[in-house]
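Just below is one structure, and these are the notes that go with it.
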Amino acid sequence: MPLIELKGINNYILDDLSLKILDKELLVLLGPTGSGKTTILNVIAGLAPYKGSVLFDDSPVDRVSTVNRGVGYLFQSLALFPHLDVAANIAYSLTIKKSQQGKITDRVEQLLSLMRINHLSRRYPKDLSGGEKQRVALARALATSPNTLLLDEPLASIDMRFSKYFRMEFQRIQKKLGITTVYVTHDFEEAEEMGDRIAVLYHGKIQQVGTYDEIFFNPENRAVSEFIGEPNIVACSYSKYLGDGLMEVGIGNEIPIVIPHESGTVKKIAIHPGHINLYREKPPEPHINMLKGIIVDIDMDPSVFMLKVAVKTGNINFQVELHRELFEDMELERGKEVFLGLKLKWIRVMNE
Amino acid sequence: MNNKLRRYRAWGLVPIVIFLALWEIIVRLKLIPGHYFFPPFTTVMKEFYALIINGVIVENFFRSLVRVLIGFTTGSIAGLMVGIIMGWKDIVNKTLHPIFSLFYPIPALGWLPILMLWLGIGEILPIAIIFICSFFPVLYNTVTGIKSVKQDYIMAAKTLGASKRKILTTVVLPLALPNIFTGLRLEAGMAWRVIIAAEMVAIPTGIGALLMKAQSLIRVDIIIVCLMVLSLMCFSFERFFLFMEHKLTSHWK
Amino acid sequence: MKKLSLIFSVIFIVYCFLLDVNGECTEEPPIGMAVEFVDHAACAHIAKHKGWFEAEGLNISAFNNYITGMALAAALVRGDIDVAYVCLIPALSAYANGKVPLKVVAGTHKYGYGLLVNPKKIQNLTDLESTNIRIGCPREGSPPDVLMHKMIDTYHLDEVDILKKIVRMPPPKILLALKMGQIDAGFCCEQFPTMGEELGFNVLLTAEEVWPDMQGSVLIVKEDLIKNHPGIVKKLVKITERGIRYIYEHPEDASRIAAEALTVAGKEVLPLKIGTLASGMDITPNVILRSLSDRMECTTDIDPEQIQKSIDYMANLGYMKQFKAEEIIDLRWLNNEQ
C-alpha cells in the first residue's frame, strides 16, 4: 500500500499544501465547509487541476490519468449509476476492464457478502435507503481492490442510527483490507472515532496534523482551537483509580474531579464549554465535579454567550457556553458567584 | 390489480364513446346549423371502410408513412449524432450553437418555398421537410440530456477506470435517454402534422393531398377520415416512443 | 309627446328615403350573390354595372367573388349567398357531396375552358407525355380537371403518365407559372387561356374540341329562394338573358365593363402576391372580347342531357355519386312556364 505524498499543491483553493499519508493508515481530513478537503481528494484522484506534485510510493503521478491512478472514491453524493442495478454498479469497473464474466460474478458476490447486501443485488439505486446506497457505493469503490480509498463525507446524508453502524463496519473493513484511506469530515467527533491521524484544514492550508489527543489537547493555533470548539484544557496534578471505571484527578490546587477512566496517569483533562453546567445557586446533592467560581468576563454573541469563570480555589479559568435566554433568565453579570458542574461523560482525558 | 387497471383504462374510453354517440345523434337530428358539412360518424366510418377496400387511403397512407419514416429516422439520427458531439465537446457546442440557434426558430414548413425551388416537387421535398422538423428538436434535447448528467457520475466513472468514450457510452448516454426520448416523442407526432401540411400545399400524393382533393370535391366525410388517420398516426408514434422510453428507463428513473 | 311623434315621423321618412333613392320602398328581401372571378360571369357584371338588379327591385345585399367551390358551397349553406353564377361542375359537387339544396335555373355559357401550352416545348398533345414536362391544373373536381380527364380519354393518352406530371394550382397561378417557366402547360378557365395567348402561349385544346356542348357556367339558386320568392328567381333569369343579349348586341361595351369588373375582382380574391403579379398582366377589354366571342358560347339554354353527361362523367371519375339531372334542374323560368 502506498505512501501518498502531496508536495506544494496549489490551485484555486489549496495554498501551498503539503501532506503525507502513511501506508495503511486512515487519515481524516477535518475542516469547515470550503476549506479544501474535497479538493485534496480530487487532487489525489487526479480529478482537479493543480500545480505541485502528488507522489504514490515516491513516484510522481501528476501525468498519470485518473483512470490509471488506482484509487477508489466514495463521493459525497455516492454517485451510484441510476441506470444500473446494484450488482452492475459494483461490477462496473470490472466490466470496463473486460474481466472474465466468471471472475466478475465471484468478485461481486464477495463484495455483496462483505457489505452484507446480498439481498439487494437486483435492486436499483432509486429503491435503496440511504444506508444501503452507502454500502453499495463502498462495495463499488472496493471492486478493483484499489490501493487507496478516498471517502468524501460518507455520513453526510445518513441518519444517526445508521452512521454509527457504518463507522464500526467501515473501520472493520479498512483494518481487514489494510487500504490506505483518506476520510473527509467536518465533524470532530467523527474524526475522533475514525482516524488514526487527523489533518485539520482551514482556508486551503493544513493547520495541524496529529492524533486526536495531540490536536485536542495541543491545538497549534487559534484556527484549530476554534474549529475543535476551544475546549477547556486543564493539567492534572495527580490521578487515583476509584474503581467501577472511575478515576479521581486533581486540577488546580488539587481540586478533585471524577473522570471516566480506568488506568494510567492522567496528564490533562479537557472539557468543551458547552458541556459545563452553570448554576446561580448551589444545586442539591450529589456535588460530584461541582466547582465554585466568579464570572470575570462575558463575551456576548447574538445567540450564545461565552462566560469566563475563575474557580476560586485553584487559579483556573473555565470558558462556559450559555444561551442568551438562559443568561438573561439567570440575570448574570460580572462578579457574580456561580457554580459549575463538569459533565462526567464529556470530560476527555490525555494520558502520559 | 390487473382488473383494477383494466377498469381504470376502460373509463378512459367512456368520454370517447359519449363523444361519438353525441356526434351521431346531433348530426342525424340536424341539431346544428352546419350539419350539411358534418356527416354522421357512421357515414364517415363507412367511407373509411370504402377507402380501405378501394385502396385509396392505404396507398396515400403508405406514401405519407414512408416519407415520415425516412425523414424522421434520418433527421433524428443526424440530430442525435450532432447532439452527442455538441453535448460532449464544449468547443464544438460553442462553435455550432450560434448558427443552429439561428435556424432552430424557423418552423419546418417555413422552409417549404425555398426547398421547392432547390429540390423541386418530388419525394425528396417532404422528406427534407420532415428531416428539418426532426433534426433540431432531437439535437437540442440530446445536448440538454447530456449536459444535465451530473458531474459526479462522470467523475465516479473516471475513478472506476472508464475512458472518455466508455463514460459517454456507458454512463452519459444512458442517463441522457429520458431527454432524448422526450425529443423523439414530441417530434414523432409533429412529423405527421408537418407532412400533412406539406402534402396539402405541394405534394400530389399522401394523406395531405387526399385531404385537399376531398376539399375540392366537398367530400367532408373523406376530410374527416384523413384527419382521423392523422390523429391515429400522431398518437401511435408518440405512444411508441413513450413505450420505448418506459421500457428502457422506467426501472431506474 | 307631440315633439316625440314629430321626431319619430322624421326618422321614419328619412329611413324610407334611404332604403330606395328613387323614392320607392323595396319589398324584396336582401339577396347575397356570388360570381366567379373570371369572365364566365360577364353577364352578371354587366347587369350590376347597368343597375338592372335595382331596376327590377332586387335588393342585392352582397356581390362576392369566390375562388373555390368549397368556399362557395359553404357560403350557400351559411346563408351568406342565395344565388351564384358558377361553373356547373363545382355546383354538381356542392349538390351531390356537400348536400347543398340548390337548383340550376339557367345557363350562362357553354365551353370556356382550355389547355394553354408553351409552344417551345409542346406542339401537340402527345408532347404532353414527354419527360420533364409539368402540367398545371386546378384541384380535382374543377372543370379544367374534368376537361383534363376528358382529353386523356378522348385522345387515348397515358393517364398514369399525365397525372404524374400534374401540379395542382389555381388558374391565375397557372398563367404566372407558365410565364416563369415553372410549368409547360396548364388547364384553365377563360379568360386565362386568351390572356395567355397575349403573352405568347398557345391554346392547344379547347373544351369545344374535346367535349361538344359541354355546359360551362350556370345560374344556381337555393331551394329556399325558389320556395319563398319564386318571383325573384324569375327576375334573375330574365336579367341573365338580358345580360347575355347585351354581350351579343354591344360586344365592345360588354367587354369593357367585364374587364373593369374583373380587374377589381382579381385584387379582391387573389392572395396579395399573386394579385400584384397578376395585375402586371392586364385584363384588357380586347382579351375579354376574344374570350367571350371565340372561346365561349354565351347562352342561357341548358340541355338536361348534357347535364346528365357531366354527372355521369364525374361519377365515373369517382368524384361523386350518380344522380338524375332532373333533381338539380328547374328550368320553368327559362322555358317561360312561369
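The values are calculated or read from the model by the stated rules, or taken from the named source; none is laboratory data. Not measured: the values here are computed from a predicted model. In this analysis, Cβ positions are derived from the backbone assuming ideal geometry, glycine residues included, and neighbour counts consider all displayed protein chains. Accessible surface areas use protein heavy atoms only, side chains included; no ligands, DNA or RNA. Shrake-Rupley method; radii C 1.70, N 1.55, O 1.52, S 1.80 Å.
Of note:
- In segment A:59-87, the residues that are small (Gly, Ala, Ser), over 20 Å from A:Ser157 (Cβ atoms) and either in contact with a Cys (Cβ under 9 Å, 6 or more places away or on another chain) or at the interface with chain B (Cβ under 10 Å from one of its Cβ atoms) (or both): A:Ser65, A:Gly70
- Lone unmet requirement of (1) outside any loop (DSSP other than H, G, I, E, B); (2) within 14 Å of chain B (Cβ to nearest Cβ); (3) farther than 23 Å from C:Lys324 by Cβ for C:Leu116: (2)
- Complete set of residues in segment A:88-98 that are more than 7 Å from every other protein chain (Cβ to nearest Cβ) and part of a loop (DSSP other than H, G, I, E, B): A:Lys98
- Test result for B:Ile195, within 14 Å of chain C (Cβ to nearest Cβ), assigned to a helix (DSSP H, G or I) and in contact (Cβ under 8 Å) with a residue 60 or more places away in the chain: no
- Filtered residue count, segment C:73-90, keeping only those that are more than 8 Å from chain B (Cβ to nearest Cβ), open to solvent by less than 10 Å² (accessible area, probe 1.4 Å) and more than 26 Å from C:Ala185 (Cα to Cα): 6
- Residue in segment B:109-127 that is farther than 14 Å from B:Ala198 by Cα and part of a loop (DSSP other than H, G, I, E, B) present: no
- Total residues in segment B:9-52 satisfying the condition of being at pLDDT below 85 and within 14 Å of chain C (Cβ to nearest Cβ): the figure is 8.
- Criterion violated by B:Thr205 - all others in (1) among the hydroxyl-bearing types (Ser, Thr, Tyr); (2) assigned to a helix (DSSP H, G or I); (3) within 13 Å of another protein chain (Cβ to nearest Cβ) satisfied: (2)
- Restricting attention to segment C:317-336, the residues that are within 14 Å of another protein chain (Cβ to nearest Cβ) and surrounded by fewer than 18 Cβ atoms within 10 Å (Cβ to Cβ) add up to 3.
- Residue check, A:Ser237 in a helix (DSSP H, G or I) and either more than 26 Å from A:His287 (Cβ to Cβ) or free of Cβ contacts under 8 Å to residues at least 24 places away in the same chain (or both): no
- The single residue among A:Phe339, A:Phe327 that is of a type outside the set (Gly, Ala, Ser), in contact with a Lys or Arg (Cβ under 6 Å, 6 or more places away or on another chain), over 15 Å from A:Glu230 (Cα atoms) and open to solvent by less than 30 Å² (accessible area, probe 1.4 Å) turns out to be A:Phe339.
- Residues satisfying the stated conditions in segment A:15-58, i.e. within 14 Å of A:Leu201 (Cα to Cα) and within 14 Å of another protein chain (Cβ to nearest Cβ): A:Thr38, A:Thr39, A:Leu41
- Count of residues meeting criterion [outside any loop (DSSP other than H, G, I, E, B), open to solvent by 10 Å² or more (accessible area, probe 1.4 Å) and either within 14 Å of another protein chain (Cβ to nearest Cβ) or farther than 26 Å from C:Ile239 by Cα (or both)] in segment C:91-109: 2
- Scan segment C:195-251 for residues that are assigned to a strand (DSSP E or B) and either open to solvent by 10 Å² or more (accessible area, probe 1.4 Å) or closer than 24 Å to C:Gly114 by Cα (or both) and the total you get is 11.
- Inspection of segment B:126-147 identifies at least one residue that is surrounded by 17 or more Cβ atoms within 10 Å (Cβ to Cβ), touching a residue at least 12 places away in the same chain (Cβ under 8 Å) and closer than 30 Å to A:Ala143 by Cβ.
- Qualifying positions in segment C:110-139 - charged (D, E, K, R) and loosely packed, with under 14 Cβ neighbours inside 10 Å: C:Lys120, C:Glu129
- Across segment C:155-178, a minimum of one residue is classified as more than 22 Å from the chain's Cα centre (by Cα), more than 14 Å from chain B (Cβ to nearest Cβ) and open to solvent by less than 10 Å² (accessible area, probe 1.4 Å).
- Here A:Gly264, A:Gly274 are screened, and the one residue that is open to solvent by less than 70 Å² (accessible area, probe 1.4 Å) and part of a helix (DSSP H, G or I) is A:Gly274.
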